[in-house]
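Enquirer: Below is the structure I would like to discuss, written out as C-alpha cells.
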Amino acid sequence: MKTVLSIQSHVAHGYVGGKAAIFPLQAQGWDVDNINTVNFSNHTGYGSVRGLAADPEELKLILDQLVLQRESLPSKGHYGAVITGYIPNATLIGIVHDYIGEMKANSQQHPSGLHHGLSTPLYLLDPVMGDNNYLYVEQNCIEQNKRVLSRKLVDIITPNQFELELLVGYKIDTQELLATAIQTLHHEYSVPYVVITSLDGTMLGNSSVIGCAVSTSVPGRKLVIRTFEVPVIKSYFTGVGDLFSALLLDKLVTLLSNNAEDALVLAVNQVLTIMRKTLLLTHRQGLEAAAKATGNNGPVQGKINDGDTMKYFELRVVQSRDFFAYDGPGEYLPKEMVH
Amino acid sequence: MTNKSILSILSHVAHGYVGNRATVFPLQYCGWDVDGVNTTNFSNHPGYGRFAGSASSPHLVDELLQGLKEIGNFNEVYSLILTGYTPSAGAMQVIYDHLIPVYAQQGAKHPAWIVDPVLGDNGRLYVPEDVVPMYKKYFGSGHVSLITPNQFEFEVLSDTKLSDWSDVRSALVEFHRQYHIPYVVISSVVIDGEMYSVGFAAGSKDKPSIFYFPVPQIDCSFNGCGDLFTALVANAFYNNNRVLGPEVLAEVLPKLAKILRHSYDAELAATGQPPSVVRDIRVVSLRHHLLEPAGDGSLVKFLD
C-alpha cells in the first residue's frame, strides 16, 4: 500500500520540507497526502521570509478529517506510512502525535515476515530541530520530541548528530558516546531503525568526510552499528535531510516488502548513492547558473542567510527525478563500528 | 534557475488531486520547478461531503507573493504564471495587484500568464458571485496570454450560450474583440451530443484560427480534471514556443484521455460499480502517461 501521510513544512519557492520530500515519493509511485506545518514563501536561508505557521485548531480539524472521519475518504484513514519533518513548535508537535497515536492504535501487522514487531502505518520521524549546533525550532520542541519518543510510536528515526545530542542531552564526540546514544533510541524509546546523519567525520577518524551511522535492533541479537563515510561537497545545501528521509522511507519499505536481510544498511547505501548524484547535479548546475548570472567564473559557494548565493544551490529535486529509482547495491562501503 | 520555472497559484488539499495537487506533480514530472502558492488549505475537496480547513486569507496570499518578490524578480524567475481556483474576490484582487507591476516592467521578457477561470461546471457556480467580475478584470488587463475555461465558464464569462459551431465561432470572436487575449482553449464543449476541445488563436492578421478535436466522452465526472488539463496545456504551450496551435491539443488530449479512462477503470475495479464521479484521479500511479509522445493530431478540424 504505497500511501503515505507527510506532515512537514511548505515553501512556495525552493526545496526544503515537503518540497524536497513529496515529489521524490510521488515519482516513486507513492500517493502522498500532505499537511503543511508552515506555509512560507521560501526557506529562511534567504535572509527574508513571509508566511505563517499552521494554526493549531485548523491542523487538528484537518487531521481529524483525514484520520478519524475515515469512512468518507478512500484511504479510510489507513496509510501505509507516515513521515514527519519540520514542525515549528511544541503545540503542533503534540497535536500531530496525538493523531499518529490514533493511527497506530488502529494499526495492522506489517506484512513483512522478518520484522514481527512492525505495524502499519510505518512511522518515520525526522526530529527536525537544527543543524551544526544551531537550533531552528522553539526550545520547548526538544522536550516535546522526547515525550513523543516515550510514546513508542516511531519505527524509523533520522536525526542528524546535533538533533541526537539534543535528544540524549549530551555532546557526542566519540564512537562510544555515539553507540550509547543510539542504544538509548533503541532501548528506551523502542525505535527499531535508527539512522544518524551529518556525523562529524573526525569522530570516524576522517575529517574530510561526513558520517552516517545505521543500526537495527533485532530482539535476541547483539547490536551492530555500521557507518558510512561520504565525501564532503563544499557548499551549503538546504533540504538535504528532508530528501534523505523521504528516499529512506521509499527504499526501506521496498526492501522490507521483499524481506531483504540487513534492509536498513542497504536502504541507506542506496539513499546515499542517490543523494550524491543529486548533490553533484545541484552543485554543477548551481555553479553554471551563478557563472551565467554574475559573469564570474570563479568559485561560488552557497552560504546560509545569503539569498544571492543560496538561490543557485536549491536542490535539483525535479531534475534528479530519474535518480530516485536506483535500487542497486549502493556505492558506499559500510564499516562495522567497534564500540 | 532553469527556464522551466512556473508560479502556480491554486488551491491546496491534503488528500486528493485538485488545484495545485493536480498541477504541481504533473508539471514537476515534466521537468518544471513549480512554486506553489496555495489559495486554500483544505483536508480534501468538497466532493467527499465533508472537509476541514480554510481558504487562504487575502492577507496570507499577499504575504506569500510579497515574500517571493523579495527574493526574486518574477520576470527573471518564471517563464509561466498560472492562476486558477481562488475562492474569494479579495484574494483575486491581491494576486492582480502583485502581477500587474510585473507586466508593467519595461524591457523585460515577461512570463506568460495562463488563467484557468475556475467558476464551476455543468451549470453550477462553486465560487462566490463576485469572483466572476474579477476574472473579467484579469482578462481586461491586457497581460493574459491564454485561458482554459470549460464550456460553462466560457458561457458565464462571455454571456453566451454555445449550442452549435456558429455560436462557438461568434462567441470566441466577440470575446477576443472585447479582451484581446491571444489564446483560448475551451476544455470541453458539447455540440450535437458529442464532446470537443476547442482552441482559438488570434493570429497576427484579422483572421483567427479556431480548431477542435473530438474528446472521448465518459459518463462520469472527474474532480481535478480541469486543473490537470490546464497543467498539461501550460507545459505543451511553453514547449511550442508559447504559441497555441493544434499541436498543443494533439499533445495534451491523448494523455488526459488515458489518465481519465484508467482512473475510471481503477475506480470501477475498487468499488465494483460504474462510478458517476471519480473523486481522486490517479495522477501518481498513471504518471508514465505524462511523458508519452504526442498524438499526430490528424483528428483536428478547423472552423472557417
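The values are calculated or read from the model by the stated rules, or taken from the named source; none is laboratory data. What you see is a predicted model, and the numbers here were worked out from it, not measured in a lab. Neighbour counts are summed over all protein chains in view; Cβ atoms, including those assigned to glycine, are modelled from backbone coordinates with ideal geometry. Just so you know, the surface numbers come from the protein's heavy atoms only, side chains and all, with ligands and any DNA or RNA stripped out. Shrake-Rupley method; radii C 1.70, N 1.55, O 1.52, S 1.80 Å.
Enquirer: Taking the Cα centre of the protein assembly as shown as the origin and placing charges on Cβ (Lys, Arg +1; Asp, Glu -1), which of B:Tyr96, B:Phe152, A:Ala260 is farthest toward the positive end of the dipole?
Expert: Most positive-ward Cα: A:Ala260.
Enquirer: Now for a different question. Size of the dipole of the protein assembly as shown about the Cα centre, Lys and Arg at +1 and Asp and Glu at -1 on the beta carbon, nothing else charged, in debye to 20?
Expert: Magnitude of the dipole: close to 760 debye.
Enquirer: Any chance you could list the semi-axes, whole Å, largest first, of the equivalent ellipsoid that the Cα gyration tensor gives for region A:2-336, using √(5λ)?
Expert: Three semi-axes, in Å: 29, 25, 20.
Enquirer: Please compute, for peptide B:269-282, the average count of beta-carbon atoms on other protein chains lying within 10 Å of each residue's beta-carbon.
Expert: Mean partner shielding for this stretch: 1.
Enquirer: Add -39500 (n - 2.57) for each DSSP H run of 4 or more in chain B, then divide by its residues: what number comes out at 222 nm, to the nearest 500 deg cm²/dmol?
Expert: Counting only the DSSP helices, I get -12500 deg cm²/dmol.
Enquirer: Place +1 on the Cβ of every Lys and Arg and -1 on the Cβ of every Asp and Glu in the protein assembly as shown, take the dipole about the Cα centre, and give the residue among A:Leu223, A:Val4, A:Pro127 whose Cα lies farthest towards its positive end.
Expert: With unit charges placed on the Cβ atoms, the residue in question is A:Leu223.
Enquirer: Something else: Keeping to pairs on different chains or 8 or more places apart, tell me how many lysine pairs in region B:4-303 have Cα atoms under 26 Å apart.
Expert: Lysine pairs satisfying the spacing and distance rule in region B:4-303 number 22.
Enquirer: Rounded to the nearest 0.05, what FRET efficiency is calculated for A:Leu68 and B:Asn241 with R0 set to 60 Å and r the Cβ-Cβ distance?
Expert: Plugging the Cβ-Cβ distance into 1/(1 + (r/R0)^6) gives 0.75.
Enquirer: FRET efficiency for B:Arg50 and A:Arg151, Cβ-Cβ distance as r, R0 = 25 Å, nearest 0.05?
Expert: Using R0 = 25 Å, I get an efficiency of 0.30.
Enquirer: Could you check the simple spin-label distance between A:Lys292 and A:His78, using points 7 Å along Cα→Cβ, in nm with one decimal?
Expert: Distance between label points: 4.9 nm.
Enquirer: Could you compute the FRET efficiency for A:Asn132 and A:Arg276, with r as their C-beta to C-beta distance and R0 at 22 Å, rounded to 0.05?
Expert: Using R0 = 22 Å, I get an efficiency of 0.65.
Enquirer: Quote the charge dipole size of region A:2-336 about the Cα centre in Debye, to the nearest 20; the model charges only the Cβ of Lys and Arg (+1) and of Asp and Glu (-1).
Expert: Charge dipole of region A:2-336: 440 debye, to the nearest 20.
Enquirer: While we're looking at this one, here's another question. Between A:Tyr326 and A:Thr202, how many nm apart are label points set 7 Å from Cα along the C-beta direction?
Expert: 2.9
Enquirer: What are the aspartates and glutamates whose alpha-carbon lies under 19 Å from the alpha-carbon of A:Lys277, with same-chain residues fewer than 8 places away excluded?
Expert: Reachable aspartates and glutamates: A:Glu229, A:Asp242, A:Asp250, A:Glu288, A:Glu314, A:Asp322, A:Asp327, A:Glu331, B:Asp33.
Enquirer: Per residue of A:23-34, what is the mean number of Cβ atoms on other protein chains within 10 angstrom of that residue's Cβ?
Expert: Counting other chains' Cβ atoms within 10 Å and averaging over A:23-34 gives 4.
Enquirer: Per residue, how large is the accessible surface of region A:2-336? Use a 1.4 angstrom probe and give square angstrom.
Expert: 38
Enquirer: Measure out, as a whole number of angstrom, how far apart the alpha-carbon centroids of region B:241-260 and region A:145-202 sit.
Expert: Result: 51 Å between the Cα centres.
Enquirer: How would you rank B:18-25, A:88-95, A:133-140, highest first, on the average number of other Cβ atoms within 10 Å across their residues?
Expert: B:18-25, A:88-95, A:133-140
Enquirer: Please list B:Met195, A:Met203, A:Met1 from largest to smallest accessible area, probe radius 1.4 Å, with all protein chains kept in place.
Expert: A:Met1, B:Met195, A:Met203
Enquirer: Give me the aspartates and glutamates in straight-line cross-link reach of A:Lys152: C-alpha distance below 17 Å, same-chain residues under 8 apart excluded.
Expert: Cα-Cα hits under 17 Å: A:Asp98, A:Glu102, A:Asp126, A:Glu143, A:Glu188.
Enquirer: Separate question: Counting alpha carbon pairs within less than 8 Å and at least 6 residues apart, what relative contact order, in whole percent, applies to region A:2-336?
Expert: Taking the mean separation of contacting Cα pairs over the length of region A:2-336, I get 17 percent.
Enquirer: Quick one: accessible area per residue over region B:4-303, 1.4 Å probe, rounded to a whole number of Å²?
Expert: Here the residues of region B:4-303 average 38 Å² of exposed surface.
Enquirer: Summarise the accessible area of chain B (1.4 Å probe, protein heavy atoms) by the percent that is carbon and sulfur.
Expert: That fraction is 51 percent.
Enquirer: Further, regarding this structure: Please find, in a Gaussian network model of chain A (springs between Cα atoms separated by less than 10 Å), the residue of A:Ala21, A:Ala12, A:Ala179 whose mean-square fluctuation is greatest.
Expert: Evaluated over chain A, the most mobile residue of the options is A:Ala12.
Enquirer: Could you work out the relative contact order of chain B, using alpha carbon pairs under 8 angstrom and six or more residues apart, expressed as a whole percent?
Expert: Answer for chain B is 17 percent.
Enquirer: For region A:122-181, with only Lys/Arg (+1) and Asp/Glu (-1) charged at the beta-carbon, what is the dipole magnitude about the Cα centre, in debye rounded to 20?
Expert: 280
Enquirer: Let me ask something additional. Return the calculated 222 nm mean residue ellipticity for chain A, to the nearest 500 deg cm²/dmol, obtained by summing -39500 (n - 2.57) across DSSP H runs with n ≥ 4 and dividing by the residue count.
Expert: -11000 deg cm²/dmol
Enquirer: Here is a follow-up. Just to be sure I understand: if you take the accessible area of chain A alone plus chain B alone and subtract the pair, with a 1.4 Å probe, what total do you get in Å², rounded to 100?
Expert: Interface area, both chains combined: 3600 Å², rounded to the nearest 100.
Enquirer: Relative contact order of region B:30-184, please, whole-number percent, based on alpha carbon pairs below 8 angstrom and at least 6 residues apart.
Expert: Averaging sequence separation for qualifying contacts and normalising by length gives 18 percent for region B:30-184.
Enquirer: So, with a 1.4 angstrom probe, what is the percent of accessible area on region A:2-336 that is carbon and sulfur?
Expert: Solvent-exposed carbon and sulfur of region A:2-336 make up 51 percent of the total.
Enquirer: Let me ask something additional. Which residues of region B:63-80 end up with at least 50 Å² less accessible area in the presence of all protein chains than when their chain stands alone, using a 1.4 Å probe?
Expert: The answer is B:Glu63, B:Leu64, B:Glu70, B:Ile71 - residues whose exposure falls by at least 50 Å² when every protein chain is included.
Enquirer: Let me confirm one metric for peptide B:285-297, namely the mean number of other chain beta-carbon atoms within 10 Å of its residues' beta-carbons.
Expert: Shielding by partners across B:285-297 averages 1.
Enquirer: Cross-link partners among lysines for A:Lys146, C-alpha distance below 24 Å, same-chain residues fewer than 8 apart left out?
Expert: Excluding near neighbours in sequence, the set is A:Lys60, A:Lys104, A:Lys171.
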